[in-house]
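Sharing a structure below in C-alpha cells format, with a few things to ask.
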Amino acid sequence: MADEGFRGVFPYLVSPIDERGRVKDTVLTRLVGDLVEAGVHGLTPLGSTGEFAYLNREQRRRVVDVVVQATRRRVPVVAGVAATTVADAVEQVKAYETLGVDGILAILEAYFPLTEDGIVAYFAAIANATALPVVLYTNPQFQRSDLTLPAIERLARIDNIRYLKDASSDTGRLLGIMNAVGDRIRVFSASAHIPACVMLIGGVGWMAGPACVVPRQSVQLYDLCRAGQWEEAMRLQRSLWRINRVFAKYNLAACIKGGLELQGYEVGAPLPPQMPLSDAGRAEVKGILADLGALESVR
C-alpha cells in the first residue's frame, strides 16, 4: 500500500497469546477485521498495548504476520520496532518489511542512559534500513532515554521519518514540535493527550490502545474534528475521555484486553509478570464501555 499520508485512528492492537505461548491467530484476525469494518484508518501491532517488551522474536513476527494477512491491504499496517541495540532494531525492520507492513513505529528501549547523539543514531539507523515511512514514538513515562526537541529536529531531516506519536501528556510540547519541524513531521495524539485538542492545533490523528475498544466512537471524533465541528467534537471528546483516564489508571494491556474480553474477544490476560485487570478495574471498564455504547454489538 503506497504511503498517501497516514492520518486518522490507528488502534494499538493487543497481542493475544495462549497458555502455550502461541499467538491466537483466529482471535487476532477477527479483531482486525472488526476494527477495519468499524472504519479505523490503520492498525499498529506491537505498540505498548501490544506488550512488545514481553514477547519473544517469534511471537512478535507472528503477530505482525497475522495482522498484515487479516488486514488484506484495506488499511495501512504500521508495525512497532523496539530494541536496545541498533542491530536488533534493523533486523526487526527488515523482517516486518518482508511481511508486508506499510510503515514502522520506532521505539527505543534503553537500560543505560544514552547521549542525544546515540539516540539520534538509533532512530536514524531504523529509517535508513527501509524506504517505508517511519513514526517516531516518544514516551518519557516509560522510556529511560527520550527524544528531546533538538533530537527530533535533527531526525526530521531524514526523508522517511514523517510522523511522531508523543505520549508525554504535554500538549504544549506537541505545539513546540510542530513549530520547530513544520510539515516535515506530522503529529499523532497518544492516549495521554486529548485527541480533539491535538487535532485542533494541527495533529493528524490518534494512535492509541483505547481505540481498540471504542473504534467507531474514535472515528466519529476524528471525522468531527476534520469537519471543523468543534463544539460537537468536544461533546463527544468529554465522554470518551473516561476511557483515556481508565487506560492510564490500570496496566495498559490489562485494561484493553479486559475491555475486549467484555466485548467477546478471547484475547486472554497480559503476559506475566503483568497481572490481569482486577475485578474492580473490570467493573469500571465495563461501566464506561456500556455508557459509551461499546458493549451493544458484542457477538
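Kindly report the accessible area of region 24-125 per residue (heavy atoms of protein chains, probe 1.4 Å, no ligands, DNA or RNA), in Å².
Computed with neighbouring chains in place, this is 39 Å² per residue.
Let me ask something else. Between Thr85 and Lys249, how many nm apart are label points set 7 Å from Cα along the C-beta direction?
4.2 nm
Return a whole-number percent for the relative contact order of the chain, with Cα pairs under 8 Å and 6 or more residues apart as the contact set.
About 18 percent, as a whole number.
Considering the values [x] 0.94; [y] 0.96; [z] 0.98, which represents Rg/Rh (Cα atoms, Kirkwood Rh) as calculated for the structure under consideration?
Computed from the coordinates, Rg/Rh (Cα atoms, Kirkwood Rh) corresponds to [x].
Now, a different point. Taking +1 at the Cβ of each Lys and Arg and -1 at the Cβ of each Asp and Glu, which of Leu43, Leu236, Ser169 sits farthest along the dipole of the chain towards its positive end, judged by Cα position relative to the Cα centre?
Leu236
Between region 153-192 and region 197-271, how far is it from one alpha carbon centroid to the other, in angstrom?
20 Å
Rounded to the nearest 20 Debye, what is the dipole magnitude of region 82-176 about its Cα centre when Lys and Arg each give +1 and Asp and Glu each give -1 at the C-beta?
Using only the charged Cβ atoms, the result is roughly 120 debye.
Further question on the same structure: For Ile17, which sequence-distant residues (separation of 5 or more, or a different chain) have an amide H within less than 5 Å of its own amide H, given hydrogens modelled in the peptide plane?
For Ile17, the qualifying residues are Lys24.
Do the alpha carbons of any pairs in Lys94/Lys249; Lys24/Lys286; Lys24/Lys165 sit beyond 26 Å of each other, and which pairs?
Distance filter (> 26 Å) returns Lys94/Lys249; Lys24/Lys165.
In whole angstrom, how far apart do the alpha carbon centroids of region 1-57 and region 75-99 sit?
14 Å
As I understand it, the dipole of the chain uses +1 on the Cβ of Lys and Arg and -1 on the Cβ of Asp and Glu, about the Cα centre. Which of Val267, Phe188, Phe123 lies farthest toward its positive end?
Val267
Place a +1 charge on the Cβ of each Lys and Arg in region 192-299 and a -1 charge on the Cβ of each Asp and Glu, then give the dipole magnitude about the Cα centre in debye, rounded to the nearest 20.
With only Lys, Arg, Asp and Glu charged at Cβ, the dipole is about 120 debye.
What is the percent carbon and sulfur in the accessible area of the chain, measuring with a 1.4 Å probe over the protein chains and ignoring ligands?
50 percent
Placing unit charges on C-beta atoms (Lys and Arg positive, Asp and Glu negative, everything else neutral), compute the dipole magnitude of region 114-269 about its Cα centre in debye, rounded to 20.
260 debye
Just subtract the alpha-carbon distance of Thr26 and Asn160 from 0.36 nm times their residue separation and send over the number in nm, one decimal.
Gain on stretching Thr26 to Asn160: 44.9 nm.
The values are calculated or read from the model by the stated rules, or taken from the named source; none is laboratory data. Everything numeric here is computed off the predicted structure, so don't read it as measured data. All Cβ positions, glycine included, derive from the backbone under ideal geometry; neighbour counts span all protein chains shown. Heavy atoms of the whole protein, side chains included, go into the accessibility calculation; ligands, DNA and RNA do not. Shrake-Rupley method; radii C 1.70, N 1.55, O 1.52, S 1.80 Å.
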